[in-house]
Ligand SMILES: [Zn+2]
């Protein structure tokens, strides 16, 4: 992963669009390490979902959100602790209440510094955005579920339990039928498995599949993935089916005591054949490795 050169991960507000009444998405335009960012309004408050990578991106987001909010109160949440989602929160400190689930706060505290160091190895364009990052501390932490009243609109913040990370949360706006999934769902690419043994083995393919079933049951009309184009409920089904296939094909070979190296080779080829247009092929080997480790012995 360290040799992989990423383009400049810059949030651009020019393509911001209203997805529903008083609900705007700043799309990531397919740029890696830029997340889809949400701004959700109620009569007295506005919630920002994700900061972008580093203080300069977060300043762009904060300025846009503050203009949008006018005299409404600002809240910030992040779907999980990964740098492009949360490592800009420091910029919001005096302007917004930063609210996340407990498991995510623990991820930030225990793994934030390690991820900052790892991202420093992703090349000069990424390193530029990392300059000046201070790991954020949330103002408000909830256990599993929090209903945030923005005035005439209640947003549901829900911790899903371990999946893409230990501290994933999804943000749902029931009156608009919109769900922000963070990296539990990505569109047009293979699911991101941050499987970096021995440093980070918190991602769980098995738990992830179960979480996708729960999210699909909520039946949102619009799904804003962590990265890639906004979709409908089919996006949740696509991610679920991909993860299930990845598990089945991996375990089938693991059952026959095939070496992990050969499993990765065969399953990678199979998945690329199935989804030739998907980006993120570098996430196949980590995903297969994770599922090998989760194989019931
Ligand atoms: Zn992530």
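The values are calculated or read from the model by the stated rules, or taken from the named source; none is laboratory data. What you see is a predicted model; the values in this text were computed from it and never measured. Positions of Cβ are backbone-derived with ideal geometry, glycine not excepted, and every protein chain shown enters the neighbour counts.
Odds and ends about this structure:
- Checking each residue in region 34-60 for being in a helix (DSSP H, G or I) and surrounded by fewer than 24 Cβ atoms within 10 Å (Cβ to Cβ) picks out 55, 56, 59, 60.
- With a requirement of 2 or more residues that are within 16 Å of the ligand (Cβ to nearest atom) and surrounded by 16 or more Cβ atoms within 10 Å (Cβ to Cβ), the helices (runs of 4 or more DSSP H) lying completely within region 189-282 that satisfy it span 205-218, 233-255.
- Strands (runs of 3 or more DSSP E) enclosed by region 97-182 - at least 2 residues per element that are surrounded by 18 or more Cβ atoms within 10 Å (Cβ to Cβ) and modelled with pLDDT of 95 or more: 145-149, 154-159, 169-173
- Filter result (assigned to a loop (DSSP other than H, G, I, E, B), surrounded by 13 or more Cβ atoms within 10 Å (Cβ to Cβ) and at pLDDT 95 or above) within region 13-31: 16, 22, 27, 28
Matching residues to (1) closer than 22 Å to residue 169 by Cα; (2) touching a residue at least 40 places away in the same chain (Cβ under 8 Å):
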site: 54; (1), (2): yes, yes
site: 68; (1), (2): no, yes
site: 127; (1), (2): no, no
site: 132; (1), (2): no, yes
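- Region 177-187, residues that are away from the ligand (no atom under 16 Å from the Cβ) and closer than 20 Å to residue 34 by Cβ: 178, 179
- Positions within region 152-176 being touching a strand residue (DSSP E or B) at 6+ places or on another chain (Cβ under 6 Å) and away from the ligand (no atom under 16 Å from the Cβ), in sequence order: 154, 155, 156, 157, 158, 172, 173, 176
- From the list 140, 116, the lone residue that is in contact (Cβ under 8 Å) with a residue 24 or more places away in the chain and within 16 Å of the ligand (Cβ to nearest atom) is 116.
- If you filter region 64-93 down to residues that are touching a helix residue (DSSP H, G or I) at 6+ places or on another chain (Cβ under 7 Å) and part of a strand (DSSP E or B), you find that the one that is nearest to the ligand (Cβ to nearest atom) is 76.
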